[in-house]
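Written below as structure tokens is the structure these notes are about.
The values are calculated or read from the model by the stated rules, or taken from the named source; none is laboratory data. Keep in mind the model is a prediction, meaning the values are calculated, not measured. Don't worry about glycine lacking a Cβ; one is built from the backbone with ideal geometry, like all the others, and counts go over all protein chains shown.
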Amino acid sequence: MAEAPKAQPTLQVDNDRVRVIQWRFAPGAETTWHRHEYDYVVVPLTTGKLKLWDGKEERFAELQAGGSYFRPLGVEHNVINANAYEFAFVEIEFKTKP
């Protein structure tokens, strides 16, 4: 089985309070397995479907451009573009506690 292409991160902001990364996924591209160390918000730039693998089960998320969502720290997964076209989102990680 061929290795999947890697999603391309572009660091936009990284300071004491937040980290902002734009992620661009070619069709079939993945982030690879990772664990989120901070609470974060994702802002989809594209409408489409992402496949999420959490180590136990595979599920799909239907995302709408501009339809942001929040996740707490500790999430572990691999995110894969399940579309036949490029998918992109901006991820904002909150480094400070409320």
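Here are the numbers:
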| quantity | calculated |
| --- | --- |
| Residue in the stretch 23-34 that is assigned to a strand (DSSP E or B) and loosely packed, with under 11 Cβ neighbours inside 10 Å present | no |
| Count - residues of the stretch 30-47 that are more than 18 Å from L73 (Cα to Cα) and over 11 Å from the mean Cα position of the chain (by Cα) | 3 |
| Unique residue being of a type in the set (V, I, T), within 15 Å of R19 (Cβ to Cβ) and either surrounded by 17 or more Cβ atoms within 10 Å (Cβ to Cβ) or modelled with pLDDT of 95 or more (or both) when the list is V43, V79 | V43 |
